[in-house]
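Notes follow once the structure below has been shown.
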């Protein structure tokens, strides 16, 4: 018998939408979101953790990887390190795992509530975003040790690192974008994103343009139906681009020419041409799309439809939605191998990952995963996909984290690693 399931993204969305017409209640809303999320994380559930938080971590891994698949270096698997953020009671941890041995290293303490990770282009540092303390914590890839936290404005929930690795932009409540000089660890003056915010909210993670000159930001206000370009050099918000809806996920095409805007409520994806700022017609996909990823050649975008249990391929040359691909129950995340041959879809309620053969859009047999899978990342050499999941012992409220390597050549799960706490984000440092 299925258990009642409410994902974190659904919890946040219900709270925010219920408060759209209410007076500004910043601290009250924030407290309700935190309390509800914590209660949800402490009780036994079946399904995905952090639906859109995984989009801020995995499509922001795919925010960190999706627009630059072709530039991913081929790195021997023995040199890569997997980093997983977990919530372990009143604290958050960032645990390194050797891709060569599968052994977890000593976890680094990273504040009370970390659910977003990003790695620098040189692969030397992972940055953990802590919503509770309002800090960004650098973690050394070489040693796994946390360094001095960096205080930023408001409650941060997303991070973008420039292609040259010099600056991070941290996005938080009331649409504040804080630049951080990574060499010194100093935060600059926050950039205010119009319209002026009086109410706490969430939004899609910011997206960096391919040339690194512009960051596209969605205002956190629920009625903010726009994208705001921010000039990286001058650190100023430019004229907003008006939209007919508020996007839940924003992903840049690999060639950098088009932004794909996901509308989870309407079940659509809309393309916006970067050069003109003009949006095209909406492309109908499945019910409740929550993630989107491109093949490295940019020919196909795959929209993950949580509510309908499908993935919709979109032909980018024509903007046509191809027949939906049936996957497992409650799919929540997707990652595509660097060679573009296989897409892997995390099925939170089916406790599995479904490989999709890109050439034919044919789903392969599902790969069983221990626990409730939440997110996925693929090693730079493409040989292994790493799936994070949470396991709750019968009669217990404590949750253990599991990281399962999936061999992309044999489509089989290898021996999993157990880590402390409930996994909420994953990145791989080459």
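Answer yes or no: is there a residue in the stretch 303-310 that is buried (at least 17 other Cβ atoms within 10 Å of the Cβ), in contact with a strand residue (DSSP E or B) (Cβ under 6 Å, 6 or more places away or on another chain) and under 20 Å from residue 255 (Cα atoms). Checked against the condition, which is being buried (at least 17 other Cβ atoms within 10 Å of the Cβ), in contact with a strand residue (DSSP E or B) (Cβ under 6 Å, 6 or more places away or on another chain) and under 20 Å from residue 255 (Cα atoms), the stretch 303-310 yields at least one hit. Checked across the stretch 312-319, the condition of being closer than 25 Å to residue 226 by Cβ, surrounded by 20 or more Cβ atoms within 10 Å (Cβ to Cβ) and over 19 Å from the mean Cα position of the chain (by Cα) holds for at least one residue.
Selection over the stretch 100-146 of residues that are assigned to a strand (DSSP E or B) and closer than 19 Å to residue 377 by Cα gives a count of 13.
From the list 384, 410, exactly one residue is surrounded by fewer than 17 Cβ atoms within 10 Å (Cβ to Cβ) and modelled with pLDDT of 95 or more. Which is it?
After applying the criteria, what remains is 410.
In the set (1) at pLDDT below 90; (2) not in a loop (DSSP other than H, G, I, E, B), residue 227 fails one condition alone, (1). Would you check if residue 379 is over 19 Å from residue 94 (Cβ atoms), crowded, with 17+ Cβ neighbours inside 10 Å and modelled with pLDDT of 95 or more? Criteria not met by residue 379. Of all the residues in the stretch 266-291, those that are on the phi < 0 side of the Ramachandran plot, outside any strand (DSSP E or B) and touching a strand residue (DSSP E or B) at 6+ places or on another chain (Cβ under 9 Å) number 5. In this structure, residue 296 does not satisfy being at pLDDT 95 or above, touching a strand residue (DSSP E or B) at 6+ places or on another chain (Cβ under 6 Å) and either under 23 Å from residue 404 (Cβ atoms) or surrounded by 17 or more Cβ atoms within 10 Å (Cβ to Cβ) (or both). Taken as a whole, the condition of being assigned to a strand (DSSP E or B) and farther than 20 Å from residue 158 by Cα applies to residue 311. Among the criteria (1) within 26 Å of residue 380 (Cβ to Cβ); (2) over 18 Å from the mean Cα position of the chain (by Cα); (3) at pLDDT below 95, the one residue 97 does not fulfil is (3). Of the residues 301, 333, the single one that is outside any loop (DSSP other than H, G, I, E, B), over 24 Å from residue 100 (Cβ atoms) and in contact with a helix residue (DSSP H, G or I) (Cβ under 7 Å, 6 or more places away or on another chain) is 333. Examine the stretch 147-154 for a residue that is touching a residue at least 12 places away in the same chain (Cβ under 8 Å), under 21 Å from residue 387 (Cα atoms), part of a strand (DSSP E or B) and touching a strand residue (DSSP E or B) at 6+ places or on another chain (Cβ under 7 Å), and state whether such a residue exists. There is no residue in the stretch 147-154 that is touching a residue at least 12 places away in the same chain (Cβ under 8 Å), under 21 Å from residue 387 (Cα atoms), part of a strand (DSSP E or B) and touching a strand residue (DSSP E or B) at 6+ places or on another chain (Cβ under 7 Å).
I'd like to verify a number: residues in the stretch 92-127 that are in contact (Cβ under 8 Å) with a residue 40 or more places away in the chain and touching a helix residue (DSSP H, G or I) at 6+ places or on another chain (Cβ under 8 Å), how many?
Count: 7.
Scanning the stretch 387-407 for residues that are more than 22 Å from residue 329 (Cβ to Cβ) and either at pLDDT below 95 or crowded, with 21+ Cβ neighbours inside 10 Å (or both) turns up 393, 395, 396, 397, 398, 400, 405. Tally the residues that are in a loop (DSSP other than H, G, I, E, B), touching a strand residue (DSSP E or B) at 6+ places or on another chain (Cβ under 7 Å) and over 26 Å from residue 164 (Cα atoms), restricting the search to the stretch 241-265. Final tally of qualifying residues: 5. All conditions in (1) surrounded by fewer than 23 Cβ atoms within 10 Å (Cβ to Cβ); (2) at pLDDT 90 or above; (3) under 21 Å from the mean Cα position of the chain (by Cα) hold for residue 102, with the sole exception of (3).
Consider the stretch 160-176 and keep the residues that are in contact (Cβ under 8 Å) with a residue 60 or more places away in the chain and crowded, with 19+ Cβ neighbours inside 10 Å. The one that is nearest to residue 205 (Cα to Cα) is 160.
Does residue 280 satisfy being out of contact with any helix residue (DSSP H, G or I) (no Cβ under 9 Å at 6 or more places or on another chain) and under 24 Å from residue 212 (Cβ atoms)? For residue 280, the condition - out of contact with any helix residue (DSSP H, G or I) (no Cβ under 9 Å at 6 or more places or on another chain) and under 24 Å from residue 212 (Cβ atoms) - is not met.
No other residue among 146, 187 is within 22 Å of the chain's Cα centre (by Cα) and buried (at least 16 other Cβ atoms within 10 Å of the Cβ) apart from 146.
The values are calculated or read from the model by the stated rules, or taken from the named source; none is laboratory data. Computed from a predicted structure; not experimentally measured. Using ideal geometry, Cβ is built from the backbone for each residue, glycine included, and neighbour counts are taken over all protein chains shown.
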